[in-house]
1. Go through segment 1-101 and name the trypsin sites (Lys or Arg not before Pro) that are in a DSSP coil and have 14 or fewer other Cβ atoms within 10 Å of their Cβ.
2. Quick check on the chain: of the DSSP beta bridges with both residues there, what percent are antiparallel, nearest 5%?
3. Taking Kirkwood radius over Cα pairs in Å as the quantity of interest, determine which of (1) 22.2; (2) 21.3; (3) 19.5 was computed from the displayed structure.
4. So which lysines can Lys133 reach, going by Cα to Cα under 30 Å and dropping same-chain residues fewer than 8 places off?
5. Give me the number: length gained by fully extending Arg114 to Cys149, i.e. 0.36 nm times residue separation minus the C-alpha to C-alpha distance, one decimal in nm.
6. If you build a Gaussian network model of the chain, linking Cα atoms that sit under 10 Å apart, which residue out of Ile67, Ile142, Ile244 swings the most?
7. Let's test the formula: R0 of 22 Å, r as the Cβ-Cβ distance of Ser29 and Lys178. What FRET efficiency results, to the nearest 0.05?
8. Which value, in debye to the nearest 20, gives the size of the charge dipole of the chain about its Cα centre, when Lys and Arg are +1 and Asp and Glu are -1 at the Cβ?
Amino acid sequence: MKQISGHVYVEDQFSIGKRGANFGFVTTSEGIVLIDPPYLPTDAIKLRRELAKRGEVRYIINTEHHIDHIAGNSFFPGTGVSIEGIRELLAGPVTDMVPSERLEEVLKDGLDLRRYYSRRVKERDPEGLPLLKNYRFRPPTITFSHRLCLYVGSHTFELSYMPGHTQSHLGVYIPQEKVFFAGDNVTNRTQPSMAQSFPLEWVKTLKMIETMAIDWVVPGHGMVGSKKEVREFRLFLQKCIKIIRNAIRQGLSKEEAADNISFDELSFAKHMGKAVHPGKVMQRRNVLRFFEMLSKA
């Protein structure tokens, strides 16, 4: 874990090692606030033991509904908090929760969300399989539509609705620490899944983050950064939007665009070189989604 400020700790290597999204926690005078708990069972249990030495987990905040951000809820105490609509998504079709290269597998094998999660655990964390006995996804207890403030000890957690990577997405700002948890609205040098995204709203969200008084930005994937990395990610998205809009103006169909366009040659910034990209299947899904949404704009 990295201690990035006086009371904020972040793990940003698991996402690089394909063990899930970044997660973090904040120690307060009245307990711990956990943000996007670990995805895999053995990681979650290890963190739970470590946190028990520091205090009680009071709240668990999920920045979005994808399972790499929400599956770990069940391994921790504390009250779950997230954006309105998450509970309905967890109770709905598994396809709403799995917008990735594994979607065809889920449909072909008739997997529900729990069995899909078990399969991913078997692949990435086989030692964690016994921990899934009686496992159930745990939805948030508290939800909100636009803005919510949690006051825990002397810390304030400002939660704001920030659509982009998904419709049901939030950001977490801790003003006393000048730290912002962006979830997958920001992925540092990594092209995220865009299969449920809203590209124009996403750019607006990033511009809003760029105006905030923050020293540290915790992305959903990739290393912790600052507003500089937020700007670089926004510019990357705007390049993607420009490419798709040009394809629409040229009269390409959605399928033609997906067959001929890739974002994997784009860099996040001149000094960084190419970004890390998600593979051909997810890349195609990203292009299809941007084409679909920008055709309506």
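Bear in mind that the values in this text are calculations on the coordinates, not laboratory data. Just so we're clear, the structure is a prediction, and the values are computed from it rather than from any experiment. Every residue, glycine as well, gets a Cβ built from its backbone with ideal geometry; the counts of neighbours run over all protein chains shown.
1. Details: sites: Lys2, Lys18, Arg19, Lys46, Arg48, Arg49, Lys53, Arg54, Arg58, Arg87; in loops: Lys18, Arg19, Lys53, Arg54.
Filter output for segment 1-101: Lys18, Lys53, Arg54.
2. On the way: 27 of 43 bridges.
Roughly 65 percent of the DSSP beta bridges within the chain come out antiparallel.
3. (3)
4. Within the straight-line cut-off, Lys133 pairs with Lys18, Lys46, Lys53, Lys108, Lys122.
5. Full-extension gain reported as 9.4 nm.
6. Answer for the Gaussian network model of the chain: Ile142.
7. Details: r = 18 Å, r/R0 = 0.84.
Calculated value: 0.75.
8. On the way: 42 positive and 34 negative charges, 53 e Å.
The dipole magnitude comes to about 260 debye.
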